[in-house]
Amino acid sequence: TNSTSIFPKNFLWGGAIAACQTEGGYGKNGRGMAVSDISFYDSQIDRQDLAKHRNITTEKIEAAITDPDTKRYPKRHGIDFYHHYKEDIALCAEMGFKVFRFSMAWSRIFPTGDELTPNQEGLAFYDAVLTEIEKYGMEPLVTISHFEMPVALVTNYCGWTDRKVIQLFTRFAETLFTHFGQRVTYWISFNEINAGRFSTFKSTGVVADKTDQYVQDCYQAVHHQFVAAALITKRLHEINPKAQMGCMIARFTTYPATCNPDDVLQMMHDDQYDNFFYTDVMIRGAYPGYMNRFFKDNDVAIQWADGDKELLATHTADYLAFSYYMSNISSANPNELDQTDANLKKGLKNPYLESSAWGWQIDPKGLRYTLNNLYDRYQVPLFIVENGIGAEDYVTTDGKIHDTYRIDYLQKHIEQMREAIVDGVELIGYTMWSSLDIVSSGTSEMSKRYGFIYVDQDDDGNGTLSRSKKDSFYWYQKVIATNGADL
Ligand code: P53
């Protein structure tokens, strides 16, 4: 608790959400079905076993498409932000948010992705959302693609594997720029573009059982996303020269299990394949050499079209956005070490760190390391667009939610941001995940809560949907009011 702030005067404090985890309004006013509407909630699956949650097959997709149930697929109802957005944005403004991160659902604007003209009712909804944000003087931060592509693109094109999807996505993004471009400065092209390697379906629409060259398809899909990101960055700058396009990764910070050089090399590979590949392309503007070697070793041959190289080189991202929740361990001999239940793959246990109830290893100092590491490599402004802790919250007899563990988590991470700024890192903002309790991306649970604001709804979709302020609400209000001086 310092008395003077070292955060820049115009530092963007705020919070983040995504359309598919909040809006609901399934099938309302012309919205089409999205990949997120396929993710189901299953209380029988161990909440830490993310591999099972992510296991989407053609059979499951076909069954879900014809299943009218909205309870079984919680992202179809979200937290009904579609009807509560005024109240929700007002609560965020009350905390003093300078920035509000949300996404615009592709399926609300182009229900199947293939239409030539946008759904006006979809545009009207986001006009209304932006009006609320502006009313409180907040800056909108818009994610264009956050795990919510129209499911018709999966059935008709095998998702991003097909180059044609670049054109469809560009049409969607251009529609957003023409319609909202003068009202939005900060954009993110793809949420966690590196998630495709693990959460392929929700990120790129590639379904494992539909192809006999899965790895090839995954990387081809990501290549198409890179090209699409470059194309829309070009268009954004033409339409609004003041606007900024960010690229985004989930930063899977990782440490060598020991000082054995084999472990250090494993860490290098994990950093390269899971993280730097994406930012090297999107910030430096070219495929790095280590990927050429990886592709050779794994029989991957990316199909390049004329002009791709130039596009990637010319229209790089303006800033680097990333999510940070935990750190991981890299080992050349993973079977010899203790396992922990981590988000994406069974991870290795770090004896120095505590874990969340979902097995995510909490590492505030890792955030300082990450900020320095990314800034050293790229020298572009950084934006932390997700950071937070999923926990079960309970309303106590006094009617309140005493989420001291959340305050503790955030306080320690913000402290390390402060250290990184003193280290010389250019950090422009911080949007905590997630302003309100929302449906979990990974497990579709409601009880994995992240918010400053409690939403009365359970895993089966029952509840009044009423919103209430947790203790962390008042704490964050004070953090913003003192520009991070009083933590
Ligand atoms: P949930 C992997 C690792 C860390 C965060 O996740 C990730 C992923 C990819 O699934 O995703 C982000 O809700 C994502 C959000 C998500 C948040 O992390 O599974 O951008 O949509 O809600 C937290 O606990």
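Since every read-out is calculated from the coordinates, none of them should be taken as a lab result. Since we're looking at a predicted model, the values are computed, not measured. Here the Cβ positions follow ideal geometry from the backbone for every residue, glycine too, while neighbour counts run over all protein chains shown.
Descriptive notes on the structure:
- Global form of the range 211-271, assessed from the alpha-carbon gyration tensor, a/c cut-off 1.5: oblate
- The Rg/Rh ratio for the range 151-303 is 1.01, where Rg is the radius of gyration of the alpha carbons and Rh is the Kirkwood radius.
- Peptides 265-274, 396-405, ordered by how many other C-beta atoms sit within 10 Å of their residues on average, highest first, read 265-274, 396-405.
- Counted charge near Glu148, where neighbours are those whose Cβ lies closer than 13 Å (Asp, Glu -1; Lys, Arg +1): +2
- Here the translational diffusion coefficient of the range 74-127 follows from Stokes-Einstein with Rh set to the Kirkwood radius across Cα pairs; for 25 °C and 0.890 mPa s it amounts to 190 µm²/s.
- Ranked from largest, the principal axis spans of the Cα set of the range 246-292 equal 34, 22, 11 Å.
- Cα-based Rg of the range 64-169 normalised by 2.2 N^0.38 Å, two decimals: 1.22
- Cα-based Rg / Dmax (Å) for the range 234-355: 17.7, 55
- Net charge contributed by nearby residues that have their C-beta within less than 15 Å of Thr131 (K/R +1, D/E -1): -3
- If you wrap the Cα atoms of the range 121-229 in a convex hull and average its projected area over all directions, you get 7.2 nm².
- Altogether, the Stokes-Einstein calculation at 25 °C and 0.890 mPa s, with the Kirkwood radius of the chain over Cα pairs as Rh, returns a diffusion coefficient of 108 µm²/s.
- Split the chain at each of the GluC sites (Glu not before Pro) in a DSSP loop with at most 13 other beta carbon atoms within 10 Å, and the longest piece is 1-353.
- Taking the range 157-281 and dividing mean pair separation by its residue count, relative contact order in percent (alpha carbons under 8 Å, at least six apart): 33
- Here the relative contact order of the chain, from alpha carbon pairs under 8 Å that lie six or more residues apart, stands at 19 percent.
- Rounded to the nearest 20 debye, dipole of the chain from Cβ charges on Lys, Arg, Asp, Glu: 880
- The alpha-carbon atoms of the range 154-209, seen along their principal axes, cover 43, 22, 13 angstrom, with the largest extent given first.
- Mean sequence separation of contacting Cα pairs (under 8 Å, at least six apart), scaled by the length of the range 16-147, corresponds to a relative contact order of 37 percent.
- The mean of 1/r over all distinct Cα pairs in the range 282-422, once inverted, gives the Kirkwood hydrodynamic radius of 18.5 Å.
- Neighbourhood charge, 13 Å Cβ-Cβ cut-off, centred on Asp458 and excluding it, Lys, Arg +1 and Asp, Glu -1: -4
- Taking a span of 30 Å or more along the helix axis (Cα atoms) and a mean Kyte-Doolittle hydropathy of at least -1.0 as the rule, the DSSP H helices of the chain that qualify are 214-239.
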